[in-house]
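> Below is one structure. I have some questions about it.
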Protein chains: 2
Amino acid sequence: MAEKTFTIKGDIVWSAGPTELAAVKDGYLVVVDGLVAGVFPELPAEYADIELVDKTGMLVMPGLVDAHVHAPQYAFRGTGLDLELLDWLNTYTFPEEAKYADLDYAERAYDIFVDDLKNSETCRAIVFGTLHVPATEMLMDKLEATGLKSYVGKVNMDRNGAPGLEEDTRQSLADTEQWLADTRDRYENTKPILTPRFTPSCTDELMEGIGKLKAAQNVPLQSHLSENLSEIDWVAELCPWASCYGDTYLQTGQLAGPAKSIMAHCVYSTTNEVEILKGTGCYIALCPESNADLASGIAPVRMYFDLGMNLALGSDVAGGPHLSMFSAIAHTVSLSKLRWRCVDESLKPITIPEAIYIATVGGGSFFGKVGTFEPGFEADILVLDDSGIRSTVDLDTQHRLERFCYEANAGGRVDAKFVAGRQIF
Amino acid sequence: MAEKTFTIKGDIVWSAGPTELAAVKDGYLVVVDGLVAGVFPELPAEYADIELVDKTGMLVMPGLVDAHVHAPQYAFRGTGLDLELLDWLNTYTFPEEAKYADLDYAERAYDIFVDDLKNSETCRAIVFGTLHVPATEMLMDKLEATGLKSYVGKVNMDRNGAPGLEEDTRQSLADTEQWLADTRDRYENTKPILTPRFTPSCTDELMEGIGKLKAAQNVPLQSHLSENLSEIDWVAELCPWASCYGDTYLQTGQLAGPAKSIMAHCVYSTTNEVEILKGTGCYIALCPESNADLASGIAPVRMYFDLGMNLALGSDVAGGPHLSMFSAIAHTVSLSKLRWRCVDESLKPITIPEAIYIATVGGGSFFGKVGTFEPGFEADILVLDDSGIRSTVDLDTQHRLERFCYEANAGGRVDAKFVAGRQIF
């Protein structure tokens, strides 16, 4: 296993900017102490003595970030996709999440989730746990051991829950404060993130308390926003004081910096809501497969992209059926085409290089200098073997990566993965 | 390798009808001389002496049919998906198909396509070749050797082609007639199918000639219909004599029986066109992934399904990026949800059991008594290992198959495949 200073030889490809890929075929990606030193067509003499990891013929790209994934829902992935969001939560999701009060169950389930995530193409993840502190800390322990970098959230929910899955408001805030104190410096790779489930699950008092915690403790925050039409109607009923769904987070201090915030979905954000998100720098975790599988709709990714908003990509397991971020990239593109065709021809489809940018640089920036091969960025690296995608057609390096996004599970194989210069497999 | 008479023990699941799955856990599927004898909870004494293939714990389902796939486009799968249909054909497809004039190229490319199809979940396929007779016969030879059952078409196109990819009308008809004579009895598993590319590629004279061949030779026919809005407009210009795109095939005799016809796509069929298809019994090969990837739209599958029309499912490689029919099933469902949400809430989403029915019984019926485990049906069988889809949640057999459709490439594995009782792998 390569240590944190090494050179990878291969066909190196990364986002040169939001809309295009750069590549150096048979190039050298030099990593020094976990950071990218540069990409070179010939190995500079000063690096001649460091370890060479020879991946000649393979693609070498920046690591992918899964910016929205529910660890406790992994157990029922690929099932229960016959309902829309609110019924799906009550019928399948809440009963499953309630099981995580049992640490034995949580251990068995999280072992599978963490192992599969480790072996996936995801280098970093922003993860929902459940409302249970012990199970969430166990999840953090397990994620820490993989070497992946993650933010993990103990969920807050004090209304509209289910038997065994609802908190007292003050207890929720007290538990969260204690959990932050216990975990914020415990791990090298794993950090806590405030995680109010979504407005329908959180009273105004809880939302305000979380907003205060965010400001006081300077920790990031994740939640859901404008995923489903019935959900949006419900929020309008629950929070008549808010000008839009996004305003429920804004007015309760949850989008205030300097710590970042990230909202999943934003399928139906209004002009007002878009202004709130843009004004606060709030990230959007786009989850195209989940939005199809739960019949939610298709987010206007092109609008957000052209506005220069902070975008990331998520699997949203188990609204999405699997952890594949290559599939998420392909779906970002294909569903944006259907939105263009079926909903609004003023918004051009997203291209594969743009979706790769969102899934690498976009999600990576939530973590810092992550997601590309510019010098000084943390060395998150995927080595991709596309030799199993057999063809008589020769492609340049950029188009091989584009093809890999479609064929990752049809002949493609992730050969190696590095996070901040540490080899995961 | 099991011969044509054997019993498979496993968790057996098949379509009990258009909307639901039947299952026998730890059951016995008995095959006698390539035909299904029955599914039994206990092995009847009369079958005690035949070979037992023990697949305890695995799913056993009917074979999947890929009802629309372009063999020569497999070489550029997963690339060139940045254009709509007509530009895509001219820019990527026609130049690639022209290469199949060179038998050496065709051999290298078709070896890959056929090998990957053999190792896929597809048991039967309805395949487009190119206009080249020698390359198409080579493709037929190779498919025959796999044991898969297929219809294969030498393409006809005498207008709007590309350099090296356009025929003289009379030569096209003469070549097709000779090719039919040469191949219709040559193979056990592989049969010719008339394949006018689509109306924009075929003059009225060619279309009429093909219609006459269909009637005279009683061979089936495949083509494309109402895939893309610009295509439909173009057909209206080219054929002012037709009441709709489908009428161009009807009036030229191409939908007349008794031999079957199948039209790919039908994303935008008008009421008139639907009546033509229903009245003639013409099949529709639905290709949801391709229709997303080429920004064509989403077909109203629910309408066709509730009308009881003949439906099948296709990968449409290389408009679709891969051969996975499990992915085609999952996309049929997820995109029908988006159509319901974004286009027409009067048409309910398709369910997974309905999509499985289309992909097994639906496509299978084009070949005869194929696609289910009723006694007397040809024994097309997939054995599915879902032990790699690790979970703490227990599912019944039907829901394990539903999950497999989403997870086929995320932990799932096809363990064995049989076509008409012959083991392929």
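> Quick one: if you take sqrt(5λ) for each eigenvalue of the C-alpha gyration tensor of region A:130-170, what semi-axes come out, biggest first, whole angstrom?
Numbers: eigenvalues 128, 16, 11 Å².
Whole-Å semi-axes of the equivalent ellipsoid: 25, 9, 8.
> If you build the Cα gyration tensor of region A:326-425 and take the root of 5 times each eigenvalue, what three semi-axes come out, in whole angstrom, biggest first?
Numbers: eigenvalues 128, 83, 23 Å².
Result for region A:326-425: semi-axes of 25, 20, 11 Å.
> Same structure, new question: When the dipole is taken about the Cα centre of the protein assembly as shown, and only Lys, Arg (+1) and Asp, Glu (-1) are charged at their Cβ, what size is it in debye, to the nearest 20? Provide the component values of the computation, followed by the final result.
Numbers: 68 positive and 124 negative charges, 26 e Å.
Around 120 debye, computed over the protein assembly as shown.
> While we're on this one: Any chance you could get the radius of gyration and Dmax over the Cα atoms of region A:97-145, in Å?
For region A:97-145, the Cα radius of gyration and maximum Cα-Cα distance read 10.5, 30 Å.
> Next question. Find how much the distance from A:A48 to A:E374 grows on full extension, using 0.36 nm per residue of separation minus their present alpha carbon separation; answer in nm with one decimal. Working shown, then result.
Numbers: separation 326, 0.36 × 326 = 117.36 nm, distance 2.01 nm.
Stretched fully, the A:A48-A:E374 segment lengthens by 115.4 nm.
> Could you give each residue of region B:195-204 its phi-based ³J(HN,Hα) in whole Hz, using Karplus coefficients 6.51, -1.76, 1.60 with θ = phi - 60°, and x for Gly or Pro?
9, x, 3, 5, 3, x, 8, 10, 5, 4
> Can you tally the net charge around A:S201? Count Lys and Arg as +1, Asp and Glu as -1, for every other residue whose Cβ sits under 9 Å from the Cβ of A:S201.
Working: positive: A:R159, A:R197; negative: A:D158, A:E166.
Neighbourhood net charge equals 0.
> Here is a follow-up. So what are the radius of gyration and Dmax for the Cα set of the protein assembly as shown, in Å?
Spelled out, the Cα radius of gyration and Dmax of the protein assembly as shown are 27.5, 84 Å.
> 5 Å is the cut-off here: which amide hydrogens, built 1.01 Å from N in the peptide plane, fall below it relative to A:D415, excluding neighbours closer than 5 in sequence?
Hits under the 5 Å cutoff: A:V383, A:L384, A:D385.
> Could you derive backbone 3J(HN,Hα) for region A:352-361 from the dihedral phi with the Karplus parameters 6.51, -1.76 and 1.60 (θ = phi - 60°), listing whole Hz in sequence and x where the residue is Gly or Pro?
Going residue by residue, I get 4, x, 5, 5, 4, 4, 4, 7, 10, 5 Hz, with x marking Gly and Pro.
> Let me ask something additional. Starting from region A:1-93, pick out the chymotrypsin sites (Phe, Trp or Tyr not before Pro) whose DSSP state is loop and whose Cβ has at most 15 other Cβ atoms within 10 Å. Write out the running numbers ahead of the final one.
Details: sites: A:F6, A:W14, A:Y28, A:Y47, A:Y74, A:F76, A:W88, A:Y92; in loops: none.
Hits after loop and neighbour filter: nothing returned.
> For helix A:229-238, report the angle its Cα long axis makes with the longest principal axis of the Cα atoms of chain A; keep it between 0 and 90° and round to the nearest 10°.
On a 0 to 90 degree scale, this one is about 40.
> Give the dimensionless ratio obtained when the Cα radius of gyration of region B:1-141 is divided by 2.2 N^0.38 Å.
Values: Rg = 20.7 Å, N = 141, 2.2 N^0.38 = 14.4 Å.
Normalised Cα radius of gyration, region B:1-141: 1.44.
> Place a +1 charge on the Cβ of each Lys and Arg in region B:277-396 and a -1 charge on the Cβ of each Asp and Glu, then give the dipole magnitude about the Cα centre in debye, rounded to the nearest 20. Intermediate values should be presented prior to the final figure.
Details: 8 positive and 14 negative charges, 86 e Å.
That gives a dipole near 420 debye.
> Would you mind checking which residues have amide H under 5 Å from A:L225's amide H? H placed 1.01 Å from N; only 5 or more apart, or other chain.
The list, which skips near neighbours in sequence, is A:A264, A:C266.
> Can you give the average number of partner chain beta-carbon atoms within 10 Å of each beta-carbon in peptide B:380-389, as a whole number?
Values: counts 0, 0, 0, 0, 0, 0, 1, 0, 1, 5.
Taking the mean over all residues of the peptide, I get 1.
> Using a 7 Å offset from Cα along the direction of the beta-carbon, what are the separations from A:P240 to the same position in each other copy, nm, ascending?
Ordered by increasing distance: 6.3 nm.
> Among A:W88, A:L229, A:A264, whose Cα sits farthest toward the positive end of the charge dipole of region A:64-364 (+1 at Cβ of Lys/Arg, -1 at Cβ of Asp/Glu, about the Cα centre)?
Ranked along the dipole, the leading option is A:A264.
> Between exposed GluC sites (Glu not before Pro) in chain B, where DSSP calls loop and at most 15 other Cβ atoms lie within 10 Å, what's the longest gap? Present the calculation step by step, with values, prior to reporting the outcome.
On the way: sites that count: B:E3, B:E20, B:E42, B:E188, B:E345.
Formally, the longest exposed-site-free interval is B:189-344.
> If you take the alpha carbon radius of gyration of region B:64-364 and divide it by 2.2 N^0.38 Å, what ratio comes out, to two decimals?
Working: Rg = 17.5 Å, N = 301, 2.2 N^0.38 = 19.2 Å.
Relative to the 2.2 N^0.38 Å estimate, region B:64-364 comes out at 0.91.
> Which of A:K149/A:K369; A:K118/A:K142; A:K278/B:K337; B:K212/B:K278; B:K142/B:K369; B:K118/B:K142 have a Cα-Cα distance over 18 Å?
Values: A:K149/A:K369 13 Å; A:K118/A:K142 10 Å; A:K278/B:K337 30 Å; B:K212/B:K278 21 Å; B:K142/B:K369 24 Å; B:K118/B:K142 10 Å.
As for pairs spanning more than 18 Å Cα to Cα, those are A:K278/B:K337; B:K212/B:K278; B:K142/B:K369.
> Report the residues of region B:189-218 in range of a label on B:E166: point 7 Å along Cα→C-beta, backbone N strictly under 17 Å from it.
B:197-207
> Related question: Report D for region B:66-129 in µm² per second (integer): Stokes-Einstein, Kirkwood Rh on Cα pairs, 4 °C, 1.567 mPa s.
Working: Rh = 12.6 Å.
D, rounded to a whole number, is 103 µm²/s.
> OK, next. By its C-alpha gyration tensor, with a ≥ b ≥ c as the square roots of the eigenvalues, how is region B:258-346 shaped: rounded for a/c under 1.5, else prolate for a/b larger than b/c, else oblate?
Details: a/c = 1.88, a/b = 1.22, b/c = 1.54.
It is oblate, given that a/c is not under 1.5 and a/b is not larger than b/c.
> Next up: When the Karplus curve 6.51 cos²θ - 1.76 cosθ + 1.60 is applied with θ = phi - 60°, which whole-Hz ³J(HN,Hα) does each residue of region B:286-303 get, with x for Gly and Pro?
Values, residue by residue: 6, 9, x, 5, 4, 5, 7, 5, 9, 6, 7, x, 10, 6, x, 4, 4, 4 Hz.
> Let me ask something additional. Using only Cα atoms and rounding to the nearest 10 degrees, what angle (0 to 90) does helix A:271-280 make with the longest principal axis of chain A?
In chain A, helix A:271-280 runs at an angle near 70 degrees to the longest axis.
> Now, a different point. Note the angle between two axes, namely the Cα long axis of helix A:169-183 and the longest principal axis of the Cα atoms of chain A, as a number of degrees from 0 to 90, rounded to the nearest 10.
In chain A, helix A:169-183 runs at an angle near 30 degrees to the longest axis.
> Using 1/(1 + (r/R0)^6) with R0 = 35 angstrom and r between the beta carbons of A:E275 and A:E208, what's the FRET efficiency to the nearest 0.05? Before the final figure, lay out each step's value.
Numbers: r = 22 Å, r/R0 = 0.63.
The computed FRET efficiency comes out at 0.95.
> What are the distances, in nm and sorted shortest first, from the label point of A:E20 to the label points of the same position in each other copy, with each label point placed 7 Å from Cα along the Cα-to-Cβ direction?
Ordered by increasing distance: 5.8 nm.
> Let me ask you something else. At most 13 other Cβ atoms within 10 Å and a DSSP loop assignment: could you name the chymotrypsin sites (Phe, Trp or Tyr not before Pro) in region B:195-280 that fit? Mind showing how you got there, number by number?
Details: sites: B:F198, B:W234, B:W241, B:Y245, B:Y249, B:Y268; in loops: B:F198, B:W241, B:Y268.
Qualifying residues, ordered by number: B:W241.
> Would you grab the residues whose amide H sits under 5 Å from the one on B:I350? Only those 5+ places off in sequence or on another chain, please, with H modelled 1.01 Å from N.
B:S336, B:K337
> Could you pull the copy-to-copy label distances for A:L229, with points set 7 Å along Cα to Cβ, in nm to one decimal and sorted shortest first?
Output for A:L229: 2.0 nm, nearest copy listed first.
> Near the axis that takes chain B to chain A, which B residue has its beta carbon closest, and at how many Å?
B:N409, 2
Where a number appears in this text, it was derived from the coordinates with a stated rule and is not lab data. Remember, predicted model here, so these are calculated numbers, not experimental data. With ideal geometry, Cβ positions are generated from the backbone for all residues, glycine too; neighbour counts draw on all protein chains shown.
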